[in-house]
Amino acid sequence: LTMVKNIRFQVTGLDPSPTSLKIAKARCKMHKFRYDPQFYQGTIDKVEDLFGEKPDNSRISFSYIDVSGVLHHLEDPSSALCKLRSVLHQEGGMGVMLYGKYGRTGVYEVQRMLRRIGTPTGTGGREGGTSALGEKIRIAKKLLKALPKCNWFARNKTLRECKDLDSDNGVVDLLLHAH
């Protein structure tokens, strides 16, 4: 954000989480963005409804779309990518970051352990109330502290020192997603 804060163009953010949107707005304010970014709560599967063809046959198209660390969490990543492409300007570009299977070996192993001990991954706990999600987070943090040094997660310095795990949102994002 700091690199582009003074360039004249419209920044638009889309996220299903009101908390993530609040953080993004705060970061834009902190970095003194010159132009007013627009934020929408929603998911990629609704991107065409939000930004696609309008009743007057106009449409919003984006010069650049950044989708980082998102597609691999979705049920149908190919469909989501096509929906994003539908709102991308014909000369636009897209930056996509996906997690690799082998680089996340420790993460997948911890997710399987959490499922086996009765803490299903997925954001369903949010719908079941804060206490259900809070209990999942508590169990995940307890499990991470108890991992033996030979565990793939514990052996991975990047995962072991991941600052995201200092917050409950980070634990949910890294360990409690369904995909």
Please go through region 29-53 and give me each residue that is outside any loop (DSSP other than H, G, I, E, B) and out of contact with any strand residue (DSSP E or B) (no Cβ under 9 Å at 6 or more places or on another chain), ordered by number. 29, 30, 45, 48, 49
Would you check if there is a residue in region 142-157 being open to solvent by 40 Å² or more (accessible area, probe 1.4 Å), over 17 Å from residue 112 (Cα atoms) and in contact (Cβ under 8 Å) with a residue 60 or more places away in the chain? no
Residues that are in contact (Cβ under 8 Å) with a residue 24 or more places away in the chain, in contact with a helix residue (DSSP H, G or I) (Cβ under 7 Å, 6 or more places away or on another chain) and of a type outside the set (Gly, Ala, Ser): does region 19-28 have at least one? yes
Kindly list the number of the only condition in (1) exposed (fewer than 14 other Cβ atoms within 10 Å of the Cβ); (2) modelled with pLDDT of 90 or more that fails for residue 134. (2)
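Quick one: in region 137-164, of everything that is at pLDDT below 90 and hydrophobic (A, V, I, L, M, F, W, C), which residue is farthest from residue 109 (Cα to Cα)?
In this case the residue turns out to be 162.
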One residue is enough: does region 53-75 have a residue meeting the conditions modelled with pLDDT under 80, among the hydrophobic types (A, V, I, L, M, F, W, C), surrounded by 12 or more Cβ atoms within 10 Å (Cβ to Cβ) and under 25 Å from residue 98 (Cβ atoms)? no
Run down 75, 48 and say which single residue is farther than 24 Å from residue 169 by Cα and either touching a Pro at 6+ places or on another chain (Cβ under 6 Å) or acidic (Asp, Glu) (or both). 48
Residues that are of a type outside the set (A, V, I, L, M, F, W, C) and either more than 30 Å from residue 152 (Cβ to Cβ) or out of contact with any helix residue (DSSP H, G or I) (no Cβ under 9 Å at 6 or more places or on another chain) (or both), drawn from region 79-107: 79, 83, 85, 86, 89, 90, 91, 92, 93, 95, 100, 102
Here are the criteria: (1) open to solvent by 50 Å² or more (accessible area, probe 1.4 Å); (2) at pLDDT 90 or above. Tell me which single one residue 30 does not satisfy. (2)
Is it the case that residue 67 is closer than 28 Å to residue 174 by Cβ and without any contact (Cβ under 8 Å) to a residue 40 or more places away in the chain? yes
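The values are calculated or read from the model by the stated rules, or taken from the named source; none is laboratory data. Keep in mind the model is a prediction, meaning the values are calculated, not measured. Cβ: placed from backbone, ideal geometry, glycine included. Neighbour counts: every protein chain shown. The accessibility values were calculated without ligands, DNA or RNA, using every heavy atom of the protein model including side chains. Shrake-Rupley method; radii C 1.70, N 1.55, O 1.52, S 1.80 Å.
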